[in-house]
Amino acid sequence: MNVRNLLAAMVMSSLLASSATAQEALVTYKSLSPELALDLARATMADCRNHGFQVTVAVVDRFGVTQVLLRDRFAGAHTVSTASGKAWTAVSFRTSTTELNTMSQPGTMQAGIRNLPGAVIIGGGLTIEAAGSLVGAVGVSGAPGGDADEACAKAGIDAIRDKLDF
């Protein structure tokens, strides 16, 4: 009888352990709703317009997939791929493209990231965090310089900050 109880206990332990392992295999993450991503893009573009800039704004999810892309009427054709690339780069490296530009200067160890396919190492891409979780990134292209692109992106994020703590 003791052997049976011991075997039953071992089987139950084994089932519980495999159940816990299965639960650890699933992850939960936060993501931007399409509406919030659109609000962010609109707020970013509005800030750029207030400064007289015609830009393209791209918002990507945490995986770098485009959720929203807005191009102002007179923004250059190149701004579409550049804004998308900045957002993708920021979320992929989990840092702003301005910081990436600084840390990947020629002669540094990280200089090689400038040659990676799809990486756009120009200021104007910022990550978006909500309650400590990375939820996406925004990229802006078309203002006169990466610093101006980044300022618009930051203003856009600030405009929706209260909705990010969901």
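The values are calculated or read from the model by the stated rules, or taken from the named source; none is laboratory data. Bear in mind that the values here come from a model prediction, so they are computed numbers and not experimental data. FYI the Cβ positions are ideal-geometry reconstructions off the backbone, even for glycines, and counts take in every protein chain you see.
Remarks
- Of all residues making up the stretch 15-57, the number that are assigned to a helix (DSSP H, G or I) and at pLDDT 65 or above: 18
- Flag for Arg73 being without any contact (Cβ under 8 Å) to a residue 60 or more places away in the chain and either part of a helix (DSSP H, G or I) or of a type in the set (Asp, Glu) (or both): no
- Criterion (closer than 22 Å to Leu40 by Cα and part of a loop (DSSP other than H, G, I, E, B)) met by exactly one of Ala83, Ala143: Ala143
- Residues of the stretch 96-119 satisfying the condition of being surrounded by 14 or more Cβ atoms within 10 Å (Cβ to Cβ) and in contact with a Leu (Cβ under 9 Å, 6 or more places away or on another chain): Ser96, Thr97, Thr98, Ile113, Arg114, Ala119
- Among the candidates Arg71, Arg94, residue that is more than 25 Å from Pro144 (Cβ to Cβ) and among the basic types (Lys, Arg): Arg94
- Among the candidates Val68, Val59, residue that is under 11 Å from the mean Cα position of the chain (by Cα) and either farther than 16 Å from Ala143 by Cβ or surrounded by fewer than 20 Cβ atoms within 10 Å (Cβ to Cβ) (or both): Val59
- Taking the criterion of being over 30 Å from Asp162 (Cα atoms) and under 18 Å from the mean Cα position of the chain (by Cα), the residues of the stretch 101-118 that qualify are Ile113, Leu116, Pro117, Gly118.
- Number of the condition not met by Gly124 [criteria: (1) at pLDDT 95 or above; (2) on the phi < 0 side of the Ramachandran plot]: (2)
- Selection from the stretch 99-142 of residues that are of a type in the set (Gly, Ala, Ser) and touching a residue at least 60 places away in the same chain (Cβ under 8 Å): Ala130, Ala131, Ser133, Gly136, Ala137, Gly139, Ser141, Gly142
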